[in-house]
Amino acid sequence: MSAFIAIILLALAIWLVPHFYRQWRIFYLRSQPLTREQLQLIKENLPLYHYLNSNQQQELCSNIALFLHGKEFVGCEGLQVNERMKVAIAAHACLLLLGRKNECYPNLYSLLLYPDTYVAHETRREGYIETARHSAREGEAHYRGPVVLSWGDLEKDLQSPERGHNVALHEFAHKVDEEDGYFDGRPLFESSDEGATWAEVMSREFHRLRQRAEFGEFPGDTPSVLDLYGAQSPAEFFAVATESFYTIPTAMHALHPELYKELSHFYRIDPAELIRGKSTVA
């Protein structure tokens, strides 16, 4: 009997020790302070940082510390990865996690950075027919795998945020989307009632964008700030909507109020209100 109990206790220890070690490691890495250089780089490359309150800034910095310690950055085609690249990417990736329970992309171990738009080999299957082609890309997120980014394109996005594009936000929105096991444009909610109106709003906005992509803008139609690339699929729509939500929140709130509301509830943040509030104080 005592041998049986010992076996049970050993099995529990084998299961529990790695779990508690992982939780301790996450807590420890989140507690590591960022350097003065890293903090300055966050301020320079993440405009929304200035509008966050002190608790939000601290939470963001803690997640960035965990991200920087746990992910490998690999330069491709001769690109020398520097601290600015790492911090800029980590800051945008962790912005999407603010206010939500997370382990900071636990299935992501490496990021591949290209100096500019790169060419990827793409294979498609339709029934028994397989086709292969090469396509130019700014970034891509592999399911349960690495994120690939063009630093040149991200730098252009950072210099001109008013365009509503940000390839880092786009690809990490895909990583958020995969948390429930699927690239389908519906991320993982903490409770079922939390996303009660998500499908209705997202479906309506997605089909509206598809019509615009296929037929153009109709006379009298409400303008849109969403990139037409979002009409490709619900997953791409979610990623494109995330870009606009964070980079041009005021315009998105005005032109897509219901979509903006859904994203604000999910991401636990209201960028347009933060900006308005800070502007009013100023």
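Here the stretch 179-221 has 51 percent of its accessible surface on carbon and sulfur atoms, given a 1.4 Å probe and all protein chains in place. Net charge within 11 Å of N63 by Cβ-Cβ distance, Lys/Arg positive one each and Asp/Glu negative one each, not counting N63 itself? Around N63, the surrounding residues sum to 0. For the stretch 161-226, the direction-averaged projected area of the alpha-carbon convex hull comes to 6.0 nm². Residue-wise HN-Hα couplings along the stretch 159-174, as the Karplus relation 6.51 cos²θ - 1.76 cosθ + 1.60 with θ = phi - 60° gives them from phi, are 6, 10, x, 5, 6, x, 10, 7, 5, 5, 4, 4, 6, 6, 5, 4 Hz; Gly and Pro carry x.
Can you list residues whose amide H is under 5 Å from T117's amide H, if they're 5+ apart or on another chain and H is modeled 1.01 Å from N? Those qualifying (amide H under 5 Å, at least 5 residues apart or on another chain) are D153. Peptide packing: for 63-71, 85-93, 192-200, 51-59, the average count of neighbouring Cβ atoms within 10 Å per residue gives the ranking 85-93, 63-71, 51-59, 192-200, highest mean first.
Within a straight-line Cα-Cα reach of under 20 Å, K261 can be paired with the following aspartates and glutamates, leaving aside sequence neighbours fewer than 8 residues apart in one chain: D177, D184, E190, D193, E194, E200, E205, D227, E236, E243, D270, E273.
Amide H to amide H distances under 5 Å link F73 with L111, where only residues 5 or more positions off or on other chains count and H is placed in the peptide plane.
The values are calculated or read from the model by the stated rules, or taken from the named source; none is laboratory data. As the structure is a prediction and not an experimental result, all values here were calculated from the model. With ideal geometry, Cβ positions are generated from the backbone for all residues, glycine too; neighbour counts draw on all protein chains shown. Just the protein is used for accessible areas: all its heavy atoms, side chains included, with ligands, DNA and RNA removed. Shrake-Rupley method; radii C 1.70, N 1.55, O 1.52, S 1.80 Å.
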